[in-house]
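A short write-up of the structure that comes next.
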Amino acid sequence: KINEYTAFPRGFAKTTINQLCIGFECANHTQEFIPIIEKNFTEASEVMDGIRDIFTRQLTIQVYGKMIGRTIDGKEAERQPDARGDVFINGVRLRAIGFNKTIRGLKSKAWRPTKIYVDDVEEDEHIGNPDQRKKYLQNYLKGILPALDRDGSIKVRGTILHYDSLLFNLVDQHDGRIYKAFDKFDPTKTLLWGSYWDY
């Protein structure tokens, strides 16, 4: 599978897009094991909470049935892990992880991560330092990529903070997409956050 690297403007709903994609994959059991990687464990847990909320809504339960803590055949998962960092939804294991934690060798039963979501992991205060930028790249290449299942894929989303950042280099090397916060033909009328960012 082709990996996808996407850059969005600040304030754009990158995390919401991730949550909806992961929710779809859980509801349809298209993956087995999905680590969600954010700057730190707290942020990753908050993303996980948003996904869990999708599956506690009455309408979702009416359409899909109870899926949290369930295996694919609808039975209770034999071990329901820590509620903030790890959860089963419809047999798909989700795990919240901070970017600085190495996940090389991570497994859930027989599965290595079948899809990894990486979201806005670069810190504003680090990005100006060349050594820190190199550490981000090394962590990605040596800590995250080797953890991926042989047939797995990675989605990396974020805001480009520097033209030598991990995200920009991934976008550049893998034909990723960059979305601007305005339409180039009529920027003043198409600002995504006109009340917050002007052209």
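Just so you know, all these numbers are worked out from the coordinates, no wet-lab data involved. Just so you know, these numbers come straight off a predicted model, no measurement behind them. When we count neighbours, we look across all protein chains shown, and the Cβ atoms used for this are built from the backbone with ideal geometry, even at glycine.
Lys-Lys pairs in the stretch 91-195 that are eight or more residues apart or on separate chains and whose Cα atoms lie under 14 Å of each other come to 6. Within the shell of other residues whose beta carbon sits under 9 angstrom from the beta carbon of Ile34, the net charge comes to +1, with Lys and Arg scored +1 and Asp and Glu -1. Take the Cα of Asp164, step 7 Å along the line toward its Cβ, and report every residue of the stretch 110-154 whose backbone nitrogen sits under 19 Å from that point. Correct set: 122-141. Can you compute the label reach from Asn40? Point 7 Å from Cα along the Cβ direction, backbone N cut-off under 13 Å, restricted to the stretch 96-117. It comes to 98-101, nothing else.
Close amide H partners of Arg93, meaning residues 5 or more places away or on another chain with modelled amide H under 5 Å apart, are Phe33, Ile34. First check a/c for the stretch 43-185, with a ≥ b ≥ c the square roots of the eigenvalues of its C-alpha gyration tensor; if it is under 1.5, answer rounded, and if not, answer prolate when a/b is larger than b/c or oblate otherwise. Prolate, because a/c is 1.5 or more and a/b exceeds b/c. For a paramagnetic label modelled on His174 (point 7 Å from Cα along Cα→Cβ), amide N atoms under 12 Å away belong, within the stretch 104-121, to 115-119. Taking loop as defined by DSSP and a crowding limit of 15 other beta carbons within 10 Å, which chymotrypsin sites (Phe, Trp or Tyr not before Pro) in the stretch 88-179 fit? Sites meeting the loop and neighbour criteria: Tyr163, Tyr179. Between the stretch 50-72 and the stretch 143-190, the C-alpha centres lie 30 angstrom from each other.
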